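Step one of this worksheet: look at the structure below.
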Amino acid sequence: MTDTTVTTAATPTVSSSRRLAIESMSAYYGDVQALADISLTIEPHTITAFIGPSGCGKSTLLRTINRMHETAPHAKVAGSIRLDGVDLYGANVDPVAVRRKIGMVFQRPNPFLTMSIRDNVLAGLKLQHRKVSKTHGDDITEMSLRAANLWDSVKDRLNKPGSSLSGGQQQRLCIARVIAVEPDVILMDEPCSALDPISTAAIEDLMINLRRDYTVVIVTHNMQQARRVSDRTAFFTVAGAGEPGRLIECGSTEQIFSHPVHQATADYVGGRFG
Amino acid sequence: MTTLAFTSTLSRPERATAATVRGAVAGAGLLVTVVLIGVGAFLAVAGWPGLTASSSELPLGASNFWALAAPLVFGSVWSAVLAVLIAVPAAVGVALYVTWFAPRAVAGFLAALVDVLAAVPSVVYGLWGLMALAPGLAPVYAWLGEHLGWFPLFAGQPSATGRTIATGALVLAIMIMPIIAAMCREVFQRTPRASIEAAQGLGATRWEVIRLAVLPFARGGIICGAMLGLGRALGETMAIAMVVSPAPFLIGFSVITSANPNTVAAFIAQVFPEAHDVEVSALIGLGLAMFLITFIVNACARRVARIYGEPR
Ligand SMILES: Nc1ncnc2c1ncn2[C@@H]1O[C@H](COP(=O)(O)OP(=O)(O)OP(=O)(O)O)[C@@H](O)[C@H]1O
Ligand SMILES: [Mg+2]
């Protein structure tokens, strides 16, 4: 079910480094502050894992990175996020343009159910009004689906609707859809939480391959997963209901799991919390 | 034989309640059927003399019943279809604006306003159509006739009074727009959040989110709304009776002339006060025709909804 050879849709043109610098980010839902003063650098061509208890703001932080946060009613942010030095919250920045550069994979697979598999893969390109010829479209479809380890299982039914796939396949289709537009950064919010162990393993392999070409950030509740796939880990926590989430520490995954600086981190990754 | 323990766990009173509810529901279903059959039977029996009447006994001196009925049935369907064609895009637009574009306060106000439109009695619309809309549109019809007269809809001598089937259909459209808009608003609001985020996450603008995520899910609801509107427009009497100046026995597609097809409902309302003997039977026969047309339109609507309603 997984391809043995993995080609990537993007030929790595590492002109810019694709480093994300999050500086003093705070995020709000109306009057409720969900994140307080997060500063964190996300290194290019690595996988950074966000871990922490439920409600500590992992998803919120992830969604501030591609400016999805502000689609929630009355949502606000303070602080800045720079991608290669450019402030994503700068005055002349269009959030829609940011989302085209920073792709997102959601917790629940959400392909466009009414569209064909091929159209799903190309949906992002069509949105960018790029002229895609039939053969070029075929190439991008194949490369993206290969990169997402999905090509072999769907190559004979590219015109079937997205709804005809299993959950794990749908999630890989969503990843292919993101890869097709060759973003700078890929954000994944618990991408495996709705999947079985085999699909999960397939997606973990895929993430490791994506690191070559992309800066990847994942949110996960699965400590083994964070250890297996990520290079760096950021641990967040929250003092209680109504309190904002805070960053406790961020470092190499090895360091966070073996020699954390803070006791709270040690307790959490060791399975002792509360 | 061993008895398995899969017997009902309902207590005796619970079982009695379940039986009562089942009975009541079945009774309601039966009642609807009986009423429908009853009305149909009455129309058939009371209308029969009209269906077989001779020219001298029929209203307008029609040569036979079908010569009388066909143009009226055509008028009913034609005006209702025109009204739906006008109302659906307007309703979809209003609903999209209210759910996706309007600031919160404006959206609430507009939604309430649309609901008020639905509550205005049709006589009021009829009066307004006759006194204000028709004269206002007369110059428009003159212009259309002059410049687009080659197009079948705008053929013929434009009406000087504006009391055309186009005006009538417009009034009908305004009357049915609120029902359709309410239905659309409902389905637009129910778009799965996951689909909306899928589109937004790919960098879709607001309009692109609507095209990618909202409309594919809403199609069934929009069609349902259109069918509700069509039903209402088919049965509407006063707006057409007051606004449109009819010509007898006319079947024609031009919408801007002073000779317009009449509708069944309007014709019955106009002729019934003066009708006697077999004429009354003929009018009841027209009612029967309308009754049947409603069934046919409903059946077609169901087909359309089944074919196009599912998200694709
Ligand atoms: N749309 C929203 N409106 C209001 N409050 C929200 C919204 N989404 C999240 N929150 C609140 O913000 C805080 C952080 O939520 P967030 O979803 O970022 O947590 P999380 O770390 O991703 O949790 P989980 O691990 O359960 O996914 C929580 O207190 C949550 O209740
Ligand atoms: Mg979350």
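What to note about this one:
- Of the helices (runs of 4 or more DSSP H) entirely within segment B:53-136, those holding at least 3 residues that are in contact with a Gly (Cβ under 9 Å, 6 or more places away or on another chain) occupy B:65-96.
- Qualifying residue in segment A:50-65 (condition: open to solvent by 40 Å² or more (accessible area, probe 1.4 Å), of a type in the set (S, T, N, Q) and either away from chain B (no Cβ under 13 Å) or within 19 Å of residue A:214 (Cβ to Cβ) (or both)): yes
- With respect to the conditions (1) within 16 Å of ligand 2 (Cβ to nearest atom); (2) crowded, with 21+ Cβ neighbours inside 10 Å, residue A:123 lacks only one, and its number is (1).
- Flag if residue A:15 is surrounded by fewer than 16 Cβ atoms within 10 Å (Cβ to Cβ), polar (S, T, N, Q), within 15 Å of ligand 1 (Cβ to nearest atom) and modelled with pLDDT under 95: no
- Enumeration of residues in segment B:56-69 that are open to solvent by 50 Å² or more (accessible area, probe 1.4 Å) and of a type outside the set (Phe, Trp, Tyr): B:56, B:57, B:60, B:63, B:64
- Residues satisfying the stated conditions in segment A:78-106, i.e. within 9 Å of chain B (Cβ to nearest Cβ) and within 16 Å of ligand 1 (Cβ to nearest atom): A:104, A:105, A:106
- All of (1) among the hydrophobic types (A, V, I, L, M, F, W, C); (2) in contact (Cβ under 8 Å) with a residue 60 or more places away in the chain; (3) within 16 Å of ligand 1 (Cβ to nearest atom) hold for residue A:143 with one exception: (3).
- Only one of A:119, A:138 that is assigned to a helix (DSSP H, G or I) and closer than 22 Å to residue B:194 by Cα: A:119
- Given (1) away from ligand 2 (no atom under 16 Å from the Cβ); (2) more than 26 Å from residue B:217 (Cα to Cα); (3) open to solvent by less than 50 Å² (accessible area, probe 1.4 Å); (4) within 13 Å of chain B (Cβ to nearest Cβ), number of the condition residue A:182 does not satisfy: (3)
- Test: residue in segment B:179-198 that is within 9 Å of chain A (Cβ to nearest Cβ) and open to solvent by less than 10 Å² (accessible area, probe 1.4 Å): yes
- Residues satisfying the stated conditions in segment B:205-240, i.e. among the hydroxyl-bearing types (Ser, Thr, Tyr) and either open to solvent by less than 10 Å² (accessible area, probe 1.4 Å) or within 14 Å of chain A (Cβ to nearest Cβ) (or both): B:205
- Members of segment A:122-135 that are within 9 Å of chain B (Cβ to nearest Cβ) and either among the polar types (S, T, N, Q) or in a loop (DSSP other than H, G, I, E, B) (or both): A:128
- Residue check for residue B:249: open to solvent by 20 Å² or more (accessible area, probe 1.4 Å) and within 9 Å of chain A (Cβ to nearest Cβ): no
- Residue check for residue B:174: within 11 Å of chain A (Cβ to nearest Cβ), of a type in the set (A, V, I, L, M, F, W, C) and not in a loop (DSSP other than H, G, I, E, B): no
- Leading residue by the ranking (farthest from residue A:39 (Cα to Cα)) among those in segment A:64-93 that are of a type in the set (Gly, Ala, Ser) and away from ligand 2 (no atom under 16 Å from the Cβ): A:91
- Yes/no for residue B:26 being assigned to a loop (DSSP other than H, G, I, E, B), of a type in the set (Gly, Ala, Ser) and more than 24 Å from the chain's Cα centre (by Cα): no
- Among the numbered conditions (1) among the β-branched types (Val, Ile, Thr); (2) at pLDDT below 90; (3) open to solvent by less than 20 Å² (accessible area, probe 1.4 Å), the only one that residue B:264 does not meet is (2).
- Take the conditions (1) within 16 Å of ligand 2 (Cβ to nearest atom); (2) touching a Lys or Arg at 6+ places or on another chain (Cβ under 6 Å); (3) within 13 Å of residue A:104 (Cα to Cα); residue A:194 misses just one of them, which is (3).
- Leading residue by the ranking (most open to solvent (accessible area, probe 1.4 Å)) among those in segment A:66-77 that are within 11 Å of ligand 1 (Cβ to nearest atom) and more than 18 Å from the chain's Cα centre (by Cα): A:74
- Elements of type helices (runs of 4 or more DSSP H) contained in segment A:179-274, each with 2 or more residues being farther than 19 Å from residue A:144 by Cα and touching a residue at least 24 places away in the same chain (Cβ under 8 Å): A:223-229, A:253-258, A:263-269
- Subset of segment A:216-255 [within 11 Å of ligand 1 (Cβ to nearest atom) and open to solvent by less than 60 Å² (accessible area, probe 1.4 Å)]: A:219, A:220, A:236, A:237, A:238, A:240, A:244, A:245
- Close pairs from segment B:101-127: first in contact (Cβ under 8 Å) with a residue 12 or more places away in the chain, partner open to solvent by 80 Å² or more (accessible area, probe 1.4 Å) and not hydroxyl-bearing (Ser, Thr, Tyr), Cβ under 8 Å, at least 6 apart: B:101/B:206
The values are calculated or read from the model by the stated rules, or taken from the named source; none is laboratory data. Just so it is clear, the model here is predicted, and its values are computed rather than measured. A quick note on method: Cβ atoms are made from the backbone with ideal geometry, for glycine too, and the neighbour counts reach across all protein chains shown. For accessibility, only protein heavy atoms count, side chains too; no ligands or nucleic acids. Shrake-Rupley method; radii C 1.70, N 1.55, O 1.52, S 1.80 Å.
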